[in-house]
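The values are calculated or read from the model by the stated rules, or taken from the named source; none is laboratory data. Model, not experiment: these values are computed from the prediction. All Cβ positions, glycine included, derive from the backbone under ideal geometry; neighbour counts span all protein chains shown.
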Amino acid sequence: MNLNETLKIVPNPNCHKGCNQEKRDEIIENELCNDAVSVIDQLPIRCVGEWSIHKIYMLVQYFGIFSQGMKKKWNGKLNYIEICCGPGRCINRKIGEEFNGTALAIIEHSACHYLGKVLFFDSNEKVVTALNQRIELRGIRNARALLGDYYNDSDICMKIGQEVHPNGLNLVFIDPTDCSVPFQLVKSIKKKLSNTDLIINLASMTDFNRNVGNALLNPEKYSKLINKYNRFLDHAGFFNDIENLELAQQKNFLELRRKFRTTYTENLKRLGYQYFDFTSVNGFYDILFATGHEKGLEFWEKAQKIGYDGQRKLF
Ligand SMILES: C[S@@+](CC[C@H](N)C(=O)[O-])C[C@H]1O[C@@H](n2cnc3c(N)ncnc32)[C@H](O)[C@@H]1O
């Protein structure tokens, strides 16, 4: 894959480059830059760290293999759904280069026309409007962006039900910035669409790593945080577990993260998922892949073999 061409990487001279947190608080609103719009279409862009592009690359690699591999068997009933889709263009705040976010990377992919429906959800109206404009500018007919809040699983599932054939094969990507997506959303999607493979950005390298020690050691002070994680895990036992408290006292966050991920996959097993893989991206993302079919894992492993930097994965 030629990354520059695939993700349409171009310099944006209006980016201040290297904004510190104070400057970002001043000019960034809901992750969108108020000072720079895309030089390609003059629509909003999302300010991101340099590591974001790796995640997009990873998704695109898998999407290509998945849709090519499944298009005949699921003719017209292959769908892609993304929760937390963003506006479609991102900007690397360090070097001022803009590039396709996950949503545009998917709809500009040559395999996108094999799909029946491509649905994007985000809770930010400005994001949804920008992405719909980008979809329209490209004349893409099978894709649309919709307002959807991951705290409201019934609204998202009702909208999915209006668009997507219940007996299709679906790839659902959930890409939040922290561990606040309730597990109830995953449950409800799986109930609505039984053939669903999942890619979830678990944010356990950032949100969880930063906060788990405090939450375990000072549960009263951090009760809101614990409630968030309990909703995410659909499990209240993690923060009452004496072994986890001991791990926090020993500052063994690596083991705590492993147990957190295991708790999540155990929940997914109860929904019928059988095959899993975790890929860490640059120390920032913990990407979980889950499928009920061996073939899905085969595709995922094939997609992960060549890393972003052209290096083969070592583990
Ligand atoms: C990490 S960004 C998505 C980036 C995008 N997938 C990409 O790589 O181009 C997270 C997105 O989640 C959206 N978001 C935040 N809270 C949300 C909620 N409760 N429900 C749905 N979307 C939400 C934000 O507006 C933001 O666009």
- Task: Hey, can you tell me all the residues within the stretch 231-250 that are over 28 Å from the mean Cα position of the chain (by Cα) and not hydrophobic (A, V, I, L, M, F, W, C)?
- Result: N240, D241, E243, E246, Q249, Q250
- Any chance you could count how many residues in the stretch 71-88 are surrounded by fewer than 21 Cβ atoms within 10 Å (Cβ to Cβ) and closer than 21 Å to Q304 by Cα? 1
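How many of the residues in the stretch 248-282 are outside any loop (DSSP other than H, G, I, E, B), touching a Ser or Thr at 6+ places or on another chain (Cβ under 8 Å) and without any contact (Cβ under 8 Å) to a residue 24 or more places away in the chain?
First pass over the stretch 248-282, keeping only residues outside any loop (DSSP other than H, G, I, E, B): 248-249, 253-270, 275-281.
Keeping just the survivors that are touching a Ser or Thr at 6+ places or on another chain (Cβ under 8 Å) gives 257, 260-261, 275-276.
With without any contact (Cβ under 8 Å) to a residue 24 or more places away in the chain added as a condition, the list becomes 275-276.
The total comes to 2.
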- Residue under evaluation M158, criteria (1) at pLDDT 95 or above; (2) hydrophobic (A, V, I, L, M, F, W, C); (3) surrounded by 15 or more Cβ atoms within 10 Å (Cβ to Cβ); (4) under 20 Å from D197 (Cα atoms), criterion not met: (3)
- Is it fair to say I156 is touching a residue at least 60 places away in the same chain (Cβ under 8 Å), more than 26 Å from L3 (Cβ to Cβ), touching a Ser or Thr at 6+ places or on another chain (Cβ under 9 Å) and not polar (S, T, N, Q)? yes
- If only one of L193, L202 is closer than 21 Å to T102 by Cβ, at pLDDT 95 or above, of a type in the set (A, V, I, L, M) and surrounded by 17 or more Cβ atoms within 10 Å (Cβ to Cβ), which one is it? L193
- Message: Take the conditions touching a residue at least 24 places away in the same chain (Cβ under 8 Å), under 21 Å from F278 (Cα atoms) and within 17 Å of the chain's Cα centre (by Cα) and apply them to L147. Does it pass?
- Response: no
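Yes/no matrix, rows are residues, columns are (1) more than 23 Å from the chain's Cα centre (by Cα); (2) crowded, with 21+ Cβ neighbours inside 10 Å; (3) within 27 Å of E125 (Cβ to Cβ):
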{"residue": "N12", "(1), (2), (3)": "yes, yes, yes"}
{"residue": "D25", "(1), (2), (3)": "yes, no, yes"}
{"residue": "E31", "(1), (2), (3)": "no, no, yes"}
{"residue": "Q42", "(1), (2), (3)": "yes, no, yes"}
{"residue": "I45", "(1), (2), (3)": "no, yes, yes"}
{"residue": "S52", "(1), (2), (3)": "no, yes, yes"}
{"residue": "I65", "(1), (2), (3)": "no, no, no"}
- Query: Just wondering, is there one or more residues in the stretch 92-109 that are basic (K, R) and under 23 Å from P11 (Cα atoms)?
  - Reply: yes
- Output the helices (runs of 4 or more DSSP H) that fall wholly within the stretch 10-114 and possess 3 or more residues being within 16 Å of the ligand (Cβ to nearest atom), or say none. 52-70, 102-107
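Considering only the stretch 102-126, state which residues are under 22 Å from D25 (Cβ atoms) and within 15 Å of the chain's Cα centre (by Cα). Lay out the reasoning, then the answer.
So the first thing to find is which residues in the stretch 102-126 are under 22 Å from D25 (Cβ atoms), and the list is 122-126.
Scanning the stretch 102-126 gives D122, S123.
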- Task: For the stretch 115-124, indicate whether the set of residues that are more than 10 Å from the ligand (Cβ to nearest atom), surrounded by 23 or more Cβ atoms within 10 Å (Cβ to Cβ) and over 22 Å from L171 (Cα atoms) is non-empty.
- Result: no
- Item | Residues satisfying the stated conditions in the stretch 227-279, i.e. closer than 23 Å to S194 by Cβ and in contact with a strand residue (DSSP E or B) (Cβ under 6 Å, 6 or more places away or on another chain) | T265, L268, Y273, Y275, F276, D277
- Message: Pairs needed: first member in the stretch 17-31, closer than 12 Å to G49 by Cβ; second member anywhere, more than 16 Å from the ligand (Cβ to nearest atom) and of a type in the set (V, I, T); C-beta distance under 9 Å; at least 6 residues apart or different chains.
- Response: G18/I95; C19/I27
